[in-house]
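Asker: Dropping a structure here in structure tokens format, bear with me for questions.
The values are calculated or read from the model by the stated rules, or taken from the named source; none is laboratory data. Model, not experiment: these values are computed from the prediction. Quick reminder, even Gly has a Cβ in these numbers, built from the backbone with ideal geometry, and neighbours come from all protein chains shown.
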Amino acid sequence: MAACEKRRSAPAPAPATGSGLVEPVRAGVGGREPESEAEFLLQAGVTSMVREALLKVLEARPEEPVSFLASYFEKLVLSGPQGGAAGDRHGQQQRLVRALWYVRLAHHSHRTAFNNNVSMAYECLSARGRRKKPGVNGKIYSELLKKICQDGEAPEEVVSSLLRKIQCRDHEAVPFDVFRYGVLSCFVLLEFVAKADTLYDVLDDGSGVADKRVCQAVLGTLEDALGASDFSVPIRYLEAGSKLGPDCLALAMDKALLERKICSSMNREEFLTKATALFIAKVKPID
Amino acid sequence: MAPGPAPCTVRSPVVLQVGDVKTDLARPGVAIIDVALPPAQPLDVRVGEIVFKNSYTAFLTVRVQRRRPCDVGREGARKWVTCLWNHCLMPSPHTETGSQDYFSLFRHQMLCDVDQVTAVRLILRQPSPVWLHFTLEELRLYPKGQQSLQTDFPTWLSHLAPQQQPENLHGGIPDPEKVSTEVQQLWVLTEMIRANQTAARIGRFDVDGCYDINLLSYT
């Protein structure tokens, strides 16, 4: 019991900078024991740590909250000292893995949670060292984008064409807004590819191969709707909705099939490339 | 019939108040707006629709001055009839709801015929003391057969013309409902990325990887 009490009153070692652990409040003069359980939790830095973990659960709303929490605390413990390892390759990789974990915590549609996590990732990647000013450079930013895209099922050339637009050069300092836009673009692209893949499944009617004329008609209608959209005029949204309604699409597909062209097919890769080209055209290049 | 609203003169609201207007602190709860229609030949206006923007009026009564065919030439024989009684514009007069909405009153809502109308009187009521002023703005009268927004509807918003109805479509087309659902999701994602565009810049000075020598500093 005495040993337990003795261990309890000993101040916990300060955690690594930027690890997410809150530095505990030191015990009072003479290292006296905390008066209550609450005070002990406060001293150990547990209260704020658990609160933050619960907030992350509420933000992410995972299907498996327990395994999510386990992963969260594991990452918290594993994140080693970052101050000294800023220049170290291993330290950089560790920070990259952690940043990747942060940006994946919440879906991009949960805007507030996603933005919070992106800013945490930015902080995490921000170079800290004796001779380094805080901030994210183009090299680590581009690496993060590549890692995000690698984990998706987007075709290689599609990813390359997006990265060409949003990557930064190794030496460049990346502002937070650019960082956020780049990360968001990657996640939205992955979702776009998944949706386009589902659309191809609908167009091929289970046969595995879709009619080229129908595919072109559908993509043409989408392009037309995207061209009409100008979000300074809300009526354009209604116009796009009308153009992409079942009636208009049915007419477009029917018209395409009635054209006397040689019946040819369009494979999945070609369809995904053409569809994502419409998306990538709307991504603003970094300048 | 000429397109657009009927030509008319909308008079300024006249406030009805018991007691002295200057010394009484009680706010008036009733106002009247008179609309004078120019004499039309051979018949007066047949009102099809009354359009206006509310400005904190809670209830509206509409009275019209009609001329019956037998009364032609007799100025005094024109009758005032109530064609809309205490029509609610603000469900809860003490709160904002409906206070600045646009309203359209159609013929079928009227309690009587609104043909051969020579004048219209709008009686505005606002029982709540919360609002300092109340009136109706952008008041327009449309003759029967006209539609207030007729010219504003683009073709894509109206129903498909009968010859465009997708009835006898080619047998081989995929399910339009499913296709539409998926394509709309692609549209939303693309719009989302466009709406999130950042104004922040890296600040590059090169063009295709090459720098203008004048931009380079030797410091």
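Asker: Within segment A:227-240, does at least one residue satisfy the condition of being at pLDDT 85 or above and surrounded by fewer than 19 Cβ atoms within 10 Å (Cβ to Cβ)?
Answerer: Checked against the condition, which is being at pLDDT 85 or above and surrounded by fewer than 19 Cβ atoms within 10 Å (Cβ to Cβ), segment A:227-240 yields no hits at all.
Asker: Hey, among A:180, A:213, which residue is at pLDDT below 85, farther than 16 Å from residue B:190 by Cα and under 15 Å from the mean Cα position of the chain (by Cα)?
Answerer: The match here is A:180.
Asker: While we're on this one: Residue B:32 is checked against (1) hydrophobic (A, V, I, L, M, F, W, C); (2) surrounded by fewer than 17 Cβ atoms within 10 Å (Cβ to Cβ); (3) part of a loop (DSSP other than H, G, I, E, B); (4) modelled with pLDDT of 75 or more and fails just one. What number does that condition carry?
Answerer: Going through the list (1) hydrophobic (A, V, I, L, M, F, W, C); (2) surrounded by fewer than 17 Cβ atoms within 10 Å (Cβ to Cβ); (3) part of a loop (DSSP other than H, G, I, E, B); (4) modelled with pLDDT of 75 or more, residue B:32 breaks only (3).
Asker: Here's something else I'd like to know. Which of the residues belonging to segment A:239-256 are within 35 Å of the chain's Cα centre (by Cα) and more than 7 Å from chain B (Cβ to nearest Cβ)?
Answerer: Those that are within 35 Å of the chain's Cα centre (by Cα) and more than 7 Å from chain B (Cβ to nearest Cβ): A:241, A:248.
Asker: Let me ask you something else. So is residue B:65 in contact with a strand residue (DSSP E or B) (Cβ under 7 Å, 6 or more places away or on another chain), in a strand (DSSP E or B) and at pLDDT below 85 or not?
Answerer: yes
Asker: Residues in segment B:89-102: is at least one surrounded by fewer than 19 Cβ atoms within 10 Å (Cβ to Cβ), modelled with pLDDT under 80, not in a loop (DSSP other than H, G, I, E, B) and not acidic (Asp, Glu)?
Answerer: Checking segment B:89-102: not a single residue is surrounded by fewer than 19 Cβ atoms within 10 Å (Cβ to Cβ), modelled with pLDDT under 80, not in a loop (DSSP other than H, G, I, E, B) and not acidic (Asp, Glu).
Asker: Among the residues of segment B:164-184, which ones are facing chain A (nearest Cβ under 7 Å) and at pLDDT below 85?
Answerer: Within segment B:164-184, B:164, B:166, B:169, B:170, B:172, B:173, B:174, B:175, B:177, B:178 meet the criteria.
Asker: Still on this model: I need the helices (runs of 4 or more DSSP H) fully contained in segment A:23-104, keeping only those with at least 1 residues that are closer than 30 Å to residue A:137 by Cβ and modelled with pLDDT of 70 or more.
Answerer: Working: elements: A:37-44, A:46-60, A:65-78, A:89-104.
Ranges flagged: A:46-60, A:65-78, A:89-104.
Asker: From the list A:193, A:209, exactly one residue is out of contact with any helix residue (DSSP H, G or I) (no Cβ under 8 Å at 6 or more places or on another chain), more than 7 Å from chain B (Cβ to nearest Cβ), in contact (Cβ under 8 Å) with a residue 40 or more places away in the chain and of a type in the set (Val, Ile, Thr). Which is it?
Answerer: Values: A:193 fails: out of contact with any helix residue (DSSP H, G or I) (no Cβ under 8 Å at 6 or more places or on another chain).
Answer to the selection: A:209.
Asker: Tally time: how many residues in segment B:185-219 are modelled with pLDDT of 80 or more and of a type in the set (Phe, Trp, Tyr)?
Answerer: Final tally of qualifying residues: 1.
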